Structures are given as structure tokens and as C-alpha cells.
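Here's the structure we're looking at; comments come further down.
The values are calculated or read from the model by the stated rules, or taken from the named source; none is laboratory data. Worth saying up front: this structure is predicted, and the values here are computed from it rather than measured. Virtual Cβ from ideal backbone geometry, glycine too; neighbours counted across all protein chains shown. The area values use the complete protein model at the heavy-atom level, side chains included, leaving out ligands, DNA and RNA. Shrake-Rupley method; radii C 1.70, N 1.55, O 1.52, S 1.80 Å.
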Amino acid sequence: MTDDLSENYAKAYGHKAGFGKRPALILIDFAHAYFDPDCDLYAGVDAALASALRVREAAHAAHVPVVLTEVTYQKGGRNGGRFFEKAMPLKAFVKGERTAAFADGLVPREDEIIVSKQYPSAFFGTSLASTLTAGGHDSVILTGLTTSGCVRASCVDAMSHGFTTIVVADACGDRHPAPHEANLFDMNAKYADVVSETEILAYLKTLSASRAEARA
């Protein structure tokens, strides 16, 4: 076994799946909780949100559907099950709490889909997979919070549901760089292609151009 991580994984992983033809963009759990210094979930991830908003604008320009996810619980967290019992800071997502609202700067548009969830994955217990399949989408572009939690869970489920999965590294964030980087590395190795904001914007620009040509 080699001590070099990249060399070790390159022997078994490293294949690129590439981009799909009909993607959907998902912004995972960009809630005020992660931006409020007084909240236990505060993560200082302003750069990730800024990146995700730029990707969102590019997606709309390319006529790529945009999905926003939110975590929401009844008072007391009864519908949160074991997840709510284990992760105490989830009380920030009880319906009506300011920390449960979308982060400042992220105002849902009328043409965006909002998916409410109680567990880490955007797919578990929601209609998201059915909605994307019905829309003829073959791939998803993931951004969001946190990298080691809901982004990773959504990534694994997206791949498991048959969607080519792309994770935008710059548009994801976590409360500490170590789990952020470790999970990006692992997702890229096994479940998805992890790309930069620059790469995803270039891809969305090609979609926009090709659709403009098709309409001409």
C-alpha cells in the first residue's frame, strides 16, 4: 500500500463520468442557520453561497431547471425521527425559526422547485427523483451545505437513482476544511465528478449556446 493518497486511489478510481445532456441544478440547504454566528450550525460559508448563486444564474440562462432544498421540522422535531434525536442543532430548522429560512441572497423564484426534507439526502423521503425522471433529466449538478452531510448523502442517492452526478466544489461548504476536502475527494473517487465553478460555468455556457442554435 502506497503512502501517497492520490497514487493509491488512482489504481482503483479516478474515472470521469462526464456531464449529462439534460441536467438539473440542486442547491442543497442554503439556510440562514449556517450564516448566523449565534447559531450552533454557523459555518462561515459565504463563499460557497456566492458561488452557488453564480451557478444558479448560469443555469437559468441555459434553461436548466433549478431545485432548492430546505430542511423543515414540526415543533418538537417529531417528524425528524432519529436524525433529530442525534443531531441536536437541527432544532434550528423547526418551522418558523429565522434560522430555518433560506439564506440572505437566496430568494426562490417562481420557476424553481422547492423540496422540503427531514433527512440528509435531498432524495430520501421526497419526490425529487420522480420529478427529475418525469422531466427527462439524466444528470444533476449539486451545490450546497454541508459537504460532509447533506451534499454527500444527496450525491450517493443521486448516483444510486441513476443520475450522472456533478458536485461543484466551490459551491459547497462545511464547518471545517478537513471534512470538506475529505468528502470532496471521496465523492470524486466513487460517486460523482467533482468540478470547479469555472468548469461548471463553461459547461452551462455550452448548453446555452447549443439551445440558442437549436432555436435559430
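Looking at region 68-81, I want the residues that are at positive phi and have a partner that is open to solvent by less than 60 Å² (accessible area, probe 1.4 Å) with Cβ atoms under 8 Å, at least 6 apart or on another chain. Which pairs are those?
Hits for this filter: G76/V94; G77/F84; G77/L90; G77/V94; G81/Q118.
Could you tell me how many of the residues in region 49-76 are surrounded by fewer than 18 Cβ atoms within 10 Å (Cβ to Cβ) and among the small types (G, A, S)?
Counting residues in region 49-76 that are surrounded by fewer than 18 Cβ atoms within 10 Å (Cβ to Cβ) and among the small types (G, A, S) gives 3.
Looking at the structure I just gave you, is L27 under 15 Å from V168 (Cβ atoms), touching a residue at least 40 places away in the same chain (Cβ under 8 Å), of a type outside the set (D, E, K, R) and touching a strand residue (DSSP E or B) at 6+ places or on another chain (Cβ under 6 Å)? Don't jump to the end; show me each part of the working.
On the way: under 15 Å from V168 (Cβ atoms): yes; touching a residue at least 40 places away in the same chain (Cβ under 8 Å): yes; of a type outside the set (D, E, K, R): yes; touching a strand residue (DSSP E or B) at 6+ places or on another chain (Cβ under 6 Å): yes.
Judged against the criteria, L27 is a match.
Only one of D36, D46 is surrounded by 13 or more Cβ atoms within 10 Å (Cβ to Cβ), under 22 Å from V167 (Cβ atoms) and at pLDDT 95 or above. Can you tell me which?
After ruling out the rest, the residue left standing is D46.
Return yes or no: is D46 closer than 24 Å to L201 by Cα and not hydroxyl-bearing (S, T, Y)?
It is true that D46 is closer than 24 Å to L201 by Cα and not hydroxyl-bearing (S, T, Y).
Kindly indicate which of V66, V45 is touching a strand residue (DSSP E or B) at 6+ places or on another chain (Cβ under 7 Å) and closer than 22 Å to T126 by Cβ.
One residue alone meets the criteria, V66.
Restricting attention to region 160-171, report how many residues are under 20 Å from V55 (Cβ atoms) and open to solvent by 10 Å² or more (accessible area, probe 1.4 Å).
Matching residues across region 160-171 total 4.
Determine if region 142-150 includes at least one residue that is in contact with a strand residue (DSSP E or B) (Cβ under 6 Å, 6 or more places away or on another chain), in a helix (DSSP H, G or I) and either surrounded by 22 or more Cβ atoms within 10 Å (Cβ to Cβ) or not aliphatic (A, V, I, L, M) (or both).
If we filter region 142-150 for residues that are in contact with a strand residue (DSSP E or B) (Cβ under 6 Å, 6 or more places away or on another chain), which is where we start, we get 142-145, 147, 150.
Remaining after also requiring in a helix (DSSP H, G or I): 147, 150.
Add one more test, that the residue is either surrounded by 22 or more Cβ atoms within 10 Å (Cβ to Cβ) or not aliphatic (A, V, I, L, M) (or both), and what stays is 147, 150.
Yes, region 142-150 has at least one match.
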